[in-house]
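Beneath this line is the structure, given in structure tokens, with notes to follow.
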């Protein structure tokens, strides 16, 4: 009897142990599956955000294409459109929509850049775009706006838990989420008036890094000197600042922070320039007017030794305002030499500075004396734009290059403000910027 009792106890213990092991294993598997599902969901969400950003870029570039008046600018924008559409297709391929019939959406992303490029090529040989081309661009822009709006709406719904990537399993690449599938299917149905397009092959861009002009020949400073510069810039005692790391790259710098981690400041090793600083304080009220805060930013730059800086644009965010300043010389606005300053609207405290653009590009320049007339370049504007004013400007180009231009501020038939830049020597249309204006400031796209 004792033998049977002991055997029974052993069997029960073995059973309990096995059950505990099984339960532990099941819990572990559940955690692994949960972690896997979270990873997959986050991957999908990143892909959706990438797709939405690409759609935004297609949207703004298509609108710029409407306002391009020269073959060179049309070709440059067409090239950008193709690359942005390629990014969108790549992002969409990472989403769980493989079994949906998205023929029209894929067609739109495949053709939008190439169609614009084909027209740009014809324009380069003297065949100007016709009314049908501009009408087609308007239709494409309409589809791009809807795609962008729908994607950001879907992203918001998923982030807030109102929609989800359902039915994710081991075969997740072959299974569509009902919420996501419905959104893409609804957009697919929207191609009721999609134009017939003809296109050629792609262009490609080449972007070069530029060595900072202000630091490349400057002497190296000591850490002690850099500490003094940082202390003066942020208004914090040097005893409360320490080096947290050294930044490498084209503009090496000492990175300082205070003991509470509320201030960060970068001072370049060559020349001892403040590359940036930021304070984490969040103002709780707005006691100053925007004009007073902008004046505070201007005064701060003068105290830092920056002269001839002109306010170009500003943006209000909560109880702070960020002001863009551009260097000016002989009435030429150098948009290449930019500094951003952020001020608090409660007491005018300077909360941030970004000077990398200025440090990278600022140098002595020789501007050409023989130029095309402002009237001659004005004649090259798109018929969809009405010129309001003009001035001279130096603008940055891709690859680190610069262009001395006439800047024309124009209005569209819809009342939007657009800046168009023509090279003063060649008459080449170098750049188009669309102004986004509101009571909180002005931004460009």
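The values are calculated or read from the model by the stated rules, or taken from the named source; none is laboratory data. In this text the structure is predicted, and so the values were computed from the model without any measurement. Glycine also receives a Cβ, built like all others from the backbone with ideal geometry; neighbour counts cover every protein chain displayed.
Within segment 192-210, is there a residue that is at pLDDT 90 or above and surrounded by 13 or more Cβ atoms within 10 Å (Cβ to Cβ)? No, because not a single residue in segment 192-210 is at pLDDT 90 or above and surrounded by 13 or more Cβ atoms within 10 Å (Cβ to Cβ). When residue 329 is tested against the conditions (1) closer than 30 Å to residue 262 by Cα; (2) surrounded by fewer than 18 Cβ atoms within 10 Å (Cβ to Cβ), the lone failure is (1).
Out of all the residues in segment 253-272, is one or more part of a helix (DSSP H, G or I) and assigned by TED's automatic domain parsing to the domain that holds residue 333? No, because not a single residue in segment 253-272 is part of a helix (DSSP H, G or I) and assigned by TED's automatic domain parsing to the domain that holds residue 333. Please tell me if residue 323 is outside the structural domain of residue 66 (by TED's automatic domain parsing), assigned to a strand (DSSP E or B) and surrounded by 20 or more Cβ atoms within 10 Å (Cβ to Cβ). Criteria met by residue 323. For residue 52, the requirement of being modelled with pLDDT of 70 or more and either farther than 27 Å from residue 413 by Cβ or more than 18 Å from the chain's Cα centre (by Cα) (or both) is met.
Inspect segment 352-359 for any residue being closer than 30 Å to residue 426 by Cβ and either at pLDDT below 90 or surrounded by fewer than 15 Cβ atoms within 10 Å (Cβ to Cβ) (or both) and give the result as yes or no. Yes; the residues of segment 352-359 include at least one that is closer than 30 Å to residue 426 by Cβ and either at pLDDT below 90 or surrounded by fewer than 15 Cβ atoms within 10 Å (Cβ to Cβ) (or both).
Quick grid of which residues meet (1) in contact with a helix residue (DSSP H, G or I) (Cβ under 9 Å, 6 or more places away or on another chain); (2) under 16 Å from residue 357 (Cα atoms); (3) in contact (Cβ under 8 Å) with a residue 60 or more places away in the chain; (4) in a helix (DSSP H, G or I):
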{"position": "285", "(1), (2), (3), (4)": "no, no, yes, no"}
{"position": "291", "(1), (2), (3), (4)": "no, no, no, yes"}
{"position": "294", "(1), (2), (3), (4)": "no, no, no, yes"}
{"position": "307", "(1), (2), (3), (4)": "yes, yes, no, no"}
{"position": "310", "(1), (2), (3), (4)": "no, yes, no, no"}
{"position": "315", "(1), (2), (3), (4)": "no, no, yes, no"}
